[in-house]
Amino acid sequence: MKIERPELSVNEVKVGPDFEGPGPHFHEEHVDAFYVLEGELEFTNGMETLRAGPGTSVAVPPGIVHGFTNPGPGGARYLNIHAPDAGFIEYLRRAIAGEDFEWDNYDVDEPYGPAEAIVAGPNGGERLVRPSGLTNTIRAETTELSLFELEFDERWEGVDPHDHDDHVDSFYVLDGEVEFLLGEETVRVGAGTYVAALPGTTHGFRPVAPARFFNMHAPDVGFAGRARGR
């Protein structure tokens with residue numbers, strides 16, 4: 001587990017080729033999102049089925065029936081994001097202990113309904129290319145959660161220290177190195193590192209070398225719209 005907050009939870013999950021995953025289900029009050037890091041996942045999206053390889057993101061809005069499995073033959077590794085958390089982490093704890101726990105999850109017998117998960121492949125999404133050396137790709141935009149992929153090099157000046165009072169701003173470094181300011185501390189982090197700036201926490205970042213990271217805002221609170229305007 002990377003983070004557990006009312007606004008969101010993030011898990012990095014590694015599964016083997018025998019992983020069956022959850023059957024068709026939906027959530028009423030939160031977005032269930034994924035970013036595939038390695039291997040491949042097969043998703044149920046309403047009445048449709050899709051395969052998602054490395055660099056693919058899937059964001060499932062409330063009310064959309066979905067499920068997923070590892071089609072094999074190898075393993076898979078992915079990020080799973082729930083925004084808001086809606087009891088998901090506590091459900092995992094109780095399940096490990098062999099206990100029942102009611103949370104925002106509703107199983108169904110068969111897939112049905114529209115295929116309205118927001119899917120972006122490795123080169124998908126709404127690309128916002130800046131002359132300063134930054135490409136910001138909007139991968140998903142919902143009220144509860146927005147997902148971005150940022151790619152940049154040393155030409156980009158980074159983001160000056162700032163804070164948010166209404167959402168969690170968090171990052172998973174995919175490639176390269178990034179220098180983050182978090183409160184009074186400055187840290188240099190590399191691939192596989194997760195960083196979260198909680199509401200009210202001063203943060204900023206700058207490139208050390210060419211780098212790429214996955215950025216999550218929960219809730220969105222208009223952030224995707226502001227990114228388009230920059």
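The values are calculated or read from the model by the stated rules, or taken from the named source; none is laboratory data. All values reported here derive from a predicted model rather than from experimental measurement. Note: ideal-geometry Cβ built from the backbone for every residue, glycine included; neighbour counts use all protein chains shown. To get the accessible areas, we keep the full protein, side chains included, count just its heavy atoms, and leave off ligands, DNA and RNA. Shrake-Rupley method; radii C 1.70, N 1.55, O 1.52, S 1.80 Å.
Listed values, structure above:
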| quantity | calculated |
| --- | --- |
| Neighbours by Cβ (under 6 Å, 6+ apart or cross-chain): first from region 44-66, at negative phi; second among the hydroxyl-bearing types (Ser, Thr, Tyr) and assigned to a loop (DSSP other than H, G, I, E, B) | 61/142; 65/112 |
| Every residue from region 167-182 that is within 18 Å of the chain's Cα centre (by Cα) and open to solvent by less than 20 Å² (accessible area, probe 1.4 Å) | 167, 168, 169, 170, 171, 172, 173 |
| Flag for residue 140 being small (Gly, Ala, Ser), closer than 18 Å to residue 68 by Cβ and open to solvent by less than 20 Å² (accessible area, probe 1.4 Å) | yes |
| Within region 114-124, tally of residues that are under 27 Å from residue 5 (Cα atoms) and either in a strand (DSSP E or B) or open to solvent by less than 30 Å² (accessible area, probe 1.4 Å) (or both) | 4 |
| Residues of region 183-201 that turn out to be open to solvent by 50 Å² or more (accessible area, probe 1.4 Å), free of Cβ contacts under 8 Å to residues at least 60 places away in the same chain and outside any strand (DSSP E or B), as a count | 3 |
| Which listed residue, of 62, 111, is more than 26 Å from residue 168 (Cα to Cα) and either open to solvent by 30 Å² or more (accessible area, probe 1.4 Å) or not in a loop (DSSP other than H, G, I, E, B) (or both) | 111 |
| Among the candidates 127, 155, residue that is surrounded by fewer than 17 Cβ atoms within 10 Å (Cβ to Cβ), free of Cβ contacts under 8 Å to residues at least 60 places away in the same chain, assigned to a loop (DSSP other than H, G, I, E, B) and of a type in the set (Lys, Arg) | 155 |
| Residues of region 86-108 satisfying the condition of being over 21 Å from residue 24 (Cβ atoms), open to solvent by 20 Å² or more (accessible area, probe 1.4 Å) and not in a loop (DSSP other than H, G, I, E, B) | 90, 93, 94, 96 |
| Within region 69-85, considering residues that are touching an Asp or Glu at 6+ places or on another chain (Cβ under 7 Å), of a type outside the set (S, T, N, Q) and open to solvent by 20 Å² or more (accessible area, probe 1.4 Å), the one modelled with the lowest pLDDT | 71 |
